[in-house]
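Novice: Have a look at the structure that comes next, please.
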Amino acid sequence: MTVLPRSGGHGPLTAAQRLRQGANLVNGTTLLGLAVAVAARTDLAAGPRGLLIAGEYRWRLPFAGAFTLGNVVLCRSTADELLARHELLRHEEKHSSQYAWCLGVPFLPLYFLAAGWSMLRTGNPGTSNVFERHAGLAAGGYPPKASLRHGPARPEVHGVGLRGRRRRRHTP
């Protein structure tokens, strides 16, 4: 792991950013992010708004180009490349706030449940995932519209669809 200092340009943290930073330190998720960054031998750099950027992450999992643990954003690109992608960085910053709101580690099983639900509904882990929707689907690289998988037709009960409307019978 290489620690790369960043020169200014980030400005002072707002009260909300300091609160998020402190909450994620206390709940242990930033420490977990730092432990993963060290174990994966990433290049660690100070990022904007209290974030830490762990660039050149090479482990196979997760498959994402970037993911967040507490206030640590781990990415497959270099830190400079991620810093140039403002929308993606904002997306990951929102996940950082979600860790704070979920009191840390509980975010992980909640996120995976939401991703599983999204996979069942849309075939991808983000489109119907409440956490990804709140972080911004397009910024995270997910399709913006929920397209339900094609499955069996909607069941009928005695000629009446589940929504209570009578179905027309098509006669040839």
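Novice: Within segment 67-101, which residues are open to solvent by 30 Å² or more (accessible area, probe 1.4 Å), in contact with an Asp or Glu (Cβ under 9 Å, 6 or more places away or on another chain) and of a type in the set (S, T, N, Q)?
Specialist: Ser77, Thr78
Novice: Among (1) free of Cβ contacts under 8 Å to residues at least 24 places away in the same chain; (2) touching a strand residue (DSSP E or B) at 6+ places or on another chain (Cβ under 9 Å); (3) farther than 23 Å from Leu13 by Cβ; (4) surrounded by fewer than 21 Cβ atoms within 10 Å (Cβ to Cβ), there is one condition Met119 misses while meeting the rest; what is its number?
Specialist: Met119 satisfies all of (1) free of Cβ contacts under 8 Å to residues at least 24 places away in the same chain; (2) touching a strand residue (DSSP E or B) at 6+ places or on another chain (Cβ under 9 Å); (3) farther than 23 Å from Leu13 by Cβ; (4) surrounded by fewer than 21 Cβ atoms within 10 Å (Cβ to Cβ) except (2).
Novice: Ala64 - would you say it is open to solvent by 20 Å² or more (accessible area, probe 1.4 Å) and under 16 Å from the mean Cα position of the chain (by Cα)?
Specialist: Yes.
Novice: Tell me, which helices (runs of 4 or more DSSP H) lie completely within segment 1-114 with 2 or more residues that are touching a residue at least 60 places away in the same chain (Cβ under 8 Å) and of a type in the set (S, T, N, Q)?
Specialist: The helices (runs of 4 or more DSSP H) meeting that bar are 86-101.
The values are calculated or read from the model by the stated rules, or taken from the named source; none is laboratory data. The structure displayed is predicted, hence computed values, not measured ones. With ideal geometry, Cβ positions are generated from the backbone for all residues, glycine too; neighbour counts draw on all protein chains shown. Just the protein is used for accessible areas: all its heavy atoms, side chains included, with ligands, DNA and RNA removed. Shrake-Rupley method; radii C 1.70, N 1.55, O 1.52, S 1.80 Å.
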